[in-house]
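Note sheet for the following structure.
The values are calculated or read from the model by the stated rules, or taken from the named source; none is laboratory data. Note that the coordinates shown come from a computational prediction; the quantities given were computed from them, not determined experimentally. Quick reminder, even Gly has a Cβ in these numbers, built from the backbone with ideal geometry, and neighbours come from all protein chains shown.
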Amino acid sequence: MADIEKKSGYVALVGAGPGDPGLITVRGMKLITDCDVLVYDNLMADEYIAVSNATEKIFVGKSSGRHALPQEQINELLVEKAKEGKFVVRLKGGDSFVFGRGGEEINSLTKADIAYEIVPGITAGIAGPAYAGIPVTHRELSRGVTMMTAHFAKNKNVELPWKALANLGHTLVFYMGIASLEKLGTSLINAGMSPDISAAVLERATTGSQRNVIATLGTIAEKCRESGVKPPGLIVIGDVVNLEKTLKWLPERPLEGKGIMFTRAAKSQYKAVHMLRRLGAEVLDVPVVKTVARKNDEAIESALENLEQYKSIAFTSALGVDIFFEAMHEKGMDVRSLSKHILAAASKTVIGALKDKGVIADVTPEKTGGGNLAKILSASGLEQGAKILLPRSSAADNALPESMIKAGFDPHSLSVYDSVPTDLSWLKVKLNNWTPDAVAFLSGTGVNAIKQAAPQLFEGDNQPLWACVGHKTAESLKQYGIEADILPQIPDVDALAEVVKAKLA
């Protein structure tokens, strides 16, 4: 087998899991991140596409106005890209070998003598019921589980062994069966299964939009029609469905069914995203810029060597904290080097980043941002004319240093990282099938990136709620003629998420 680290003529077949972006294997995520070419279908967890560093991201699924690429052509594409010496990840929902046609793709690779790897994924037929509190097997209620596809689109005359299924004593799980639901119920009842046995339909399993419809085999089709259930959905039939009443574990989710696009820098992670997901929102986590730490930079070297000349170090982003501390460590320095400095943090997120380094900020303004940070530094007792080091992005504007100059200080901006736009071409595919209820921006860079990648979001009458972390970000949005709908009193990511929650709940 080829050496995967060389990324040469190699294909990894990766199962993306059932929809919750947290339900992918560690191995799968590593390969998605590192590959040269990413070939993917329609996925509910599209942020996998966003975080990939692949130079080619090729969509082969079906979207609005576009038919799926035929399987034979997908097979040829994988072989072609591997023969170019590239490391290819073929990303498929759930598990590639469970109704995913992964076996056909592997056959093509084998015939072409292409090395490959298979990374299993959690299949929706197990995960979806689990998220609904339904175990697919149970010692007292079900001897086993039988999973089938109920997709009869190509041949309406195809029949399953209904009588055998009706008398098997297993939990029955049908994939792709929403359109065939009435036929399934009728066929099983005619084969001898009781119409009173419990049945469940799980729509958009494991996502914030998961909806569970519980009924009997005889009534489930009608109840789903009344509820307006749409694909993708799973059908679960068996006595284990009754356990949903006692084993249901997901809390009440006020944002269930709501979609939020959350834009950020590629290396930044925010607890707010996890909070919104726990509340039931489907959050599309979109890195809009990549940050590249400046290595072997003379200005950084000089600042660290002459750190004692600065009375204060003011951090305005968690990323600035991480990169500054990394640069310190590379020079053999640690937190002891900061003991004589007044450390200022511009937001709760920055406060948390410093805490992660074992440091408690001395200055934490109640209202973060340029002018307020300068005023709070003045109130901290920092003398006039004091030098303040500002480790931040090379793209940062002059508002903060100018406010510090007005307050009587001597600020010195230190560019510790550069920002590079990410490839957002994949976003067009996503928005053909999904419209967010709210879009959250943490910077003007994010506003500009989304406007360029998805101009349709900014047009028409049914626009999403526009959420901006602070006034400067809102000004960037306003240049496109749009006023921010959500602007927290404190320019902080967690505060922004709380207001988004209140608006959408």
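Just a few scattered comments:
- Considered as a group, the residues in region 368-395 that are surrounded by 17 or more Cβ atoms within 10 Å (Cβ to Cβ) and in a strand (DSSP E or B) include one that is modelled with the lowest pLDDT, and that residue is 393.
- Residue satisfying condition, being in contact with a helix residue (DSSP H, G or I) (Cβ under 6 Å, 6 or more places away or on another chain), modelled with pLDDT of 90 or more, crowded, with 19+ Cβ neighbours inside 10 Å and not hydrophobic (A, V, I, L, M, F, W, C), within set 411, 401, 365: 411
- Residue match in region 96-109 (condition: in contact (Cβ under 8 Å) with a residue 40 or more places away in the chain, assigned by TED's automatic domain parsing to the domain that holds residue 14, among the hydroxyl-bearing types (Ser, Thr, Tyr) and in contact with a helix residue (DSSP H, G or I) (Cβ under 7 Å, 6 or more places away or on another chain)): yes
- Odd one out for residue 217 among (1) farther than 15 Å from residue 150 by Cβ; (2) touching a Pro at 6+ places or on another chain (Cβ under 7 Å); (3) not small (Gly, Ala, Ser): (1)
- Verdict on residue 150 being among the hydrophobic types (A, V, I, L, M, F, W, C) and within 20 Å of residue 18 (Cβ to Cβ): yes
Residue-by-condition table, conditions (1) more than 14 Å from residue 202 (Cβ to Cβ); (2) modelled with pLDDT under 95:
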position	(1), (2)
107	yes, no
117	yes, no
125	no, no
134	no, no
137	yes, no
140	yes, yes
144	yes, no
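- Counted residues, region 488-505 - those being out of contact with any Lys or Arg (no Cβ under 8 Å at 6 or more places or on another chain), over 18 Å from residue 270 (Cα atoms) and either outside any helix (DSSP H, G or I) or aromatic (Phe, Trp, Tyr) (or both): 1
- Number of positions in region 319-346 that are hydrophobic (A, V, I, L, M, F, W, C) and within 32 Å of the chain's Cα centre (by Cα): 10
- Filtering region 217-248 to residues that are in a loop (DSSP other than H, G, I, E, B) and of a type in the set (Ser, Thr, Tyr) leaves only 219.
- Lone qualifier among 327, 272, 314 - being aliphatic (A, V, I, L, M), in contact with a helix residue (DSSP H, G or I) (Cβ under 7 Å, 6 or more places away or on another chain), assigned by TED's automatic domain parsing to the domain that holds residue 468 and not in a loop (DSSP other than H, G, I, E, B): 272
- Some residue of region 398-405 being touching a residue at least 12 places away in the same chain (Cβ under 8 Å), not in a loop (DSSP other than H, G, I, E, B) and not assigned by TED's automatic domain parsing to the domain that holds residue 309: no
- Of all residues in region 159-218 being on the phi > 0 side of the Ramachandran plot and touching a residue at least 40 places away in the same chain (Cβ under 8 Å), the one that is farthest from the chain's Cα centre (by Cα): 176
- Within region 201-254, considering residues that are surrounded by 23 or more Cβ atoms within 10 Å (Cβ to Cβ) and of a type in the set (Gly, Ala, Ser), the one farthest from residue 174 (Cα to Cα): 208
- Subset of region 81-98 (residues that are more than 24 Å from the chain's Cα centre (by Cα) and either crowded, with 19+ Cβ neighbours inside 10 Å or among the acidic types (Asp, Glu) (or both)): 81, 82, 84, 86
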